[in-house]
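Here's the structure we're looking at; comments come further down.
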Amino acid sequence: MSDTRNPPETRIVQDRFEDCIYRPGQVARCPARVPTQPLSPEQLDLLLEQGDQRVGGTVFRTECPFCSACEPVRIDIAAFAPSRAQRRVIRRNQDLIVELGPPVLSRRRVALWNRHRRARGLLTEHSRKDPVGYQEWLVESCAPTTEVRYFLDGKLVALSLLDLGLTSANSAYHFFDPAHADRSLGVYSVLNEIEECRARGMRWYYLGLWVEDCKALRYKSGYHPHERFVRGRWVPILRPDDPTDADAPKSGAG
């Protein structure tokens with residue numbers, strides 16, 4: 001039997017140089033690794049602490065040759081308090097019903113996923129649009145993962161994939177119905193999931209990667225206090241970089 005306190009064994013399944021999606025013109029390298037067995041909550045905590053991200057059945061850490069702009073972000077749950085703008089988002093969404101359950105595949109989910117990506121300019125001719133792509137990307141997981149469902153008048157309007165460790169949680173992915181973009185559902189999902197983690201007695205809520213000059217990721221600067229993984233160590237960030245970021249939409253992974 002493996003010792004879940006030790007780093008999990010993994011094997012590299014993909015390692016190549018490619019164009020960076022966050023900084024055009026830069027070369028990216030993110031070796032994808034598959035754990036040899038499903039991650040325990042303790043092992044997930046350890047990988048997140050070391051700066052790893054999870055996508056589907058793989059974990060990865062950026063190892064780009066000429067750039068170190070990607071910085072994992074984590075929020076100190078006990079110290080976090082919502083800003084004025086974030087409190088408005090909470091009030092705006094009090095009519096939503098939130099459910100937790102295992103990740104599942106359905107036509108309704110695939111359609112919502114594709115509508116969201118199309119509205120955000122993320123759906124290209126090379127994107128996987130089919131149920132198989134959804135299954136591989138959002139249902140299969142090497143970590144303990146739960147699906148957080150947001151309903152308005154009985155209709156699914158947003159969905160998150162949340163990895164649950166022993167002392168930390170990882171926001172792996174989020175998407176929402178673009179018809180309700182005025183509700184700031186991405187922001188609301190972060191705030192709701194932080195409170196879920198607080199109720200579970202967790203210490204950290206991980207929010208993927210932050211890149212200073214990537215507008216799509218700047219919203220992560222609006223949750224304080226938080227820490228960023230800078231050159232191998234976690235650095236506290238105590239002051240908001242830009243108060244307007246707090247009401248920006250959360251979308252996708254990374």
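Estimated from helical segments only, the mean residue ellipticity of the chain at 222 nm is -6000 deg cm²/dmol, where each DSSP H run of four or more residues counts as -39500 (n - 2.57).
One chain, two ends: Arg108 and Asn6. Fully extended at 0.36 nm per residue, the span grows by 32.8 nm beyond their Cα-Cα distance. GNM on the chain, alpha-carbon springs under 10 angstrom: the most fluctuating residue among Val89, Val235, Val190 is Val235.
Computed over the chain, the alpha-carbon pair-distance distribution with 10 angstrom bins reads 7, 31, 39, 21, 2, each value a whole percent. The relative contact order of the chain, computed from alpha carbon pairs under 8 Å that lie at least 6 residues apart in sequence, is 23 percent.
Estimated at 0.36 nm per residue, the fully extended path between Ala119 and Ala179 surpasses their Cα-Cα distance by 20.7 nm.
Loop-located trypsin sites (Lys or Arg not before Pro) across segment 1-76 with a Cβ neighbour count of 13 or fewer within 10 Å are Arg5, Arg16, with loop assigned by DSSP.
In segment 76-161, which trypsin sites (Lys or Arg not before Pro) are in a loop and have at most 10 other Cβ atoms within 10 Å, using DSSP for the loop call? Qualifying residues, ordered by number: none.
Loop-located GluC sites (Glu not before Pro) in segment 35-66 (DSSP state not H, G, I, E or B) with no more than 13 neighbouring Cβ atoms inside 10 Å: Glu63. For Lys155, the aspartates and glutamates whose Cα falls under 15 Å of its own Cα, not counting residues fewer than eight places away in the same chain, are Asp95, Glu99, Asp177.
Bear in mind these aren't lab numbers, they're just calculated from the coordinates by the rules spelled out. All values derive from a computational prediction rather than experimental measurement. Virtual Cβ from ideal backbone geometry, glycine too; neighbours counted across all protein chains shown.
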